[in-house]
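Data first, discussion second: the structure below is written as structure tokens.
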Amino acid sequence: MPREKFAHVDAWVFDLDNTLYPPQARLFDQIEARMTQFVMDQLGVDHARANHLRRHYWGTYGTTLAGLMREHGIDPGPYLVEVHDISLDHLVPDPELAAAITDLPGRRIVFTNGSAPYAERVLAARGLTGLFDAIYGVEHAEFRPKPERQAFETIFAQDGLAPERAAMFEDDPRNLAAPHEMGMRTVHVAPDRLHAAHIHHHTDDLSGFLSKLV
Ligand SMILES: [Mg+2]
């Protein structure tokens, strides 16, 4: 079972959105609405066009922001503040997850395509403040998002993390491809199991999965 597959792991990398809280919280509905509004305001397009562009950039560049920067030279600072200005009322503290993360041996970090200040707010709402050694947002990856391998390399170099002794927990299967190539153990955290060579493990219960590893 998973336990021996993780015996060599001394660094634990977590995505934030829909990984450290359940997708049922639907925070992305709020973020997407704000992204669409931002695209409408900045590019002077209507709602339907903005929605289309948001999805198109996500599919092509990994994030809407990456597309806006590449194709329109948008300043990422105001964008990150604007789209993450959402209500976290649907998040509740998760003591079980907090305990499971606390028990992990070694370094624990968060790496999100959102911003680090937003990640801090989400972690606080989940009762996970102080459990991570570092929190990296896309601003720490020179605004290059996951799934780009360069994004992971930038963050891991900053952190001094050795990928071959690390594990990655993520809900977006695209974002596990580079970690797999780099020699990490990959865990897909999602309601549905997906079969792909770059996905080593699947769980729909992150706390339960983690508690079986130590
Ligand atoms: Mg996510």
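The values are calculated or read from the model by the stated rules, or taken from the named source; none is laboratory data. Keep in mind it's a predicted model, so treat the numbers as computed, not measured. As a convention, Cβ positions derive from the backbone with ideal geometry for all residues, glycine included, and neighbour counts pool all protein chains shown. These area figures cover heavy atoms from the full protein model, side chains too; ligands, DNA and RNA do not enter into them. Shrake-Rupley method; radii C 1.70, N 1.55, O 1.52, S 1.80 Å.
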Q.
If I ask for residues that are more than 14 Å from the chain's Cα centre (by Cα) and either not assigned by TED's automatic domain parsing to the domain that holds A11 or not in a strand (DSSP E or B) (or both), which ones from segment 96-120 would you list?
A. E96, L97, A98, A99, A100, I101, T102, D103, L104, P105, G106
(Q) Quick check on this structure: which one of A119, A125 is hydrophobic (A, V, I, L, M, F, W, C), out of contact with any Asp or Glu (no Cβ under 7 Å at 6 or more places or on another chain) and farther than 18 Å from W12 by Cα? (A) A125
Q.
When you scan segment 62-81, do you find a residue that is under 30 Å from R3 (Cα atoms), among the charged types (D, E, K, R) and open to solvent by 40 Å² or more (accessible area, probe 1.4 Å), even just one?
A. no
Q | Selection count, segment 154-203, where residues are among the β-branched types (V, I, T) and within 17 Å of D17 (Cα to Cα) | A | 4
Q | Breaking point among (1) touching a residue at least 12 places away in the same chain (Cβ under 8 Å); (2) closer than 30 Å to T203 by Cβ; (3) surrounded by 18 or more Cβ atoms within 10 Å (Cβ to Cβ), for L53 | A | (2)
Q: Kindly check whether there is at least one residue in segment 23-33 that is open to solvent by 10 Å² or more (accessible area, probe 1.4 Å), closer than 18 Å to N175 by Cβ and touching a residue at least 40 places away in the same chain (Cβ under 8 Å).
A: yes
Q: Would you mention how many residues in segment 89-112 are at negative phi and either at pLDDT below 95 or surrounded by fewer than 16 Cβ atoms within 10 Å (Cβ to Cβ) (or both)?
A: 10
